[in-house]
1. Suppose all protein chains stay in the model; what accessible area per residue would a 1.4 Å probe give for the range 104-230, in Å²?
2. Please report the net charge: other residues with Cβ closer than 15 Å to the Cβ of Ser144, K and R +1, D and E -1.
3. Given a 1.4 Å probe and the protein chains all in place, what does the accessible area of Glu159 round to, in Å² to the nearest 10?
4. What whole-number value in cubic angstrom gives the convex hull volume per residue for the C-alpha atoms of the range 136-230?
5. What residues of the range 77-100 lie in the reach of a label at Glu204, counting those whose backbone N is under 17 Å from a point 7 Å from the Cα along Cα→Cβ?
6. Can you list residues from other chains, or at least 5 along the same chain, whose modelled amide H is less than 5 Å from the amide H of Cys219?
7. Classify the range 89-159 as rounded, prolate or oblate, taking a ≥ b ≥ c as the square roots of the eigenvalues of its Cα gyration tensor: rounded when a/c is under 1.5, otherwise prolate if a/b is larger than b/c and oblate if not.
8. If Arg145, Arg214 are ordered by their accessible area, calculated over protein heavy atoms with a 1.4 Å probe, which sequence runs from highest to lowest?
Amino acid sequence: MRKRFPSFSLSSYGAGWSATRRIAIVASVVAVLLAIAGIVALLTGSGNGHQSPDTAAPAPAVSPSSTEAAPKPSSGSGSVPKPPQIAEPVAYAKAAAQMLWSYDTRDTSRDQQLAGMRAWMTTETKYADWASVSGQVPDPVLWSRMADQDQHATASVTEGHYPSAFKAALADDPSAITEAYIYVVTANGKQQIAWKKGGGGAEERAVTLAVQCRPNHDCTLAAIAPSVTQ
């Protein structure tokens, strides 16, 4: 039987947002959704949220990286792509999802992976929940095990959309978003994972992101929701 190795995948590492960052982000989006109950349901995915299935490998526990600082840019970003210059929330969220689901331990260290991901984040610390993003990266020991097996992954994003609750609330009060310009976007796609000796597999992926897109500025990533909301 072919041995399977742990996969680095967004749904596998669904770290929750830190309390401080959650409060800041929820506070900004509450203005859009007009009610605390509505935003909590949207961002936590309670009730209607669902996790994408894991078919290629077992999901390890969340790593301690969820609270660590980002490596300095001098460490490089390896195979992690630079953030695109996109000013449209759904398009940026789709690009961010593809970045999050792709990695290559053959030429990218864990610090480089984190540094590359950090470059996609908003620089507005009030809204940036770095813990929810860095928490997607396995701990140093697991990353080393993955590197020993030349584990790498590519991804394709099939679609992105605003969750129905977000669209409904935004339609009720379009001007409410103008404080933080944070949009909630769900992206769906597929991740292809491979390692030594022909090992590999494919998984369906889904993620809900908070994307900041201020007028006349490129979009940036603010946070990753702990569960998916459609």
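The values are calculated or read from the model by the stated rules, or taken from the named source; none is laboratory data. This one's a predicted model, so the numbers in the text were calculated from it and none came from an experiment. All Cβ positions, glycine included, derive from the backbone under ideal geometry; neighbour counts span all protein chains shown. When the accessible area is computed, the model is the full protein with side chains, heavy atoms only, and any ligands, DNA or RNA have been set aside. Shrake-Rupley method; radii C 1.70, N 1.55, O 1.52, S 1.80 Å.
1. 38
2. Result for the local shell: -2.
3. Approximately 60 Å² for this residue.
4. 126
5. Backbone N within reach: none found.
6. Hits under the 5 Å cutoff: Ile86, Ala87, Glu88.
7. oblate
8. Ranked from most to least accessible, the order is Arg145, Arg214.
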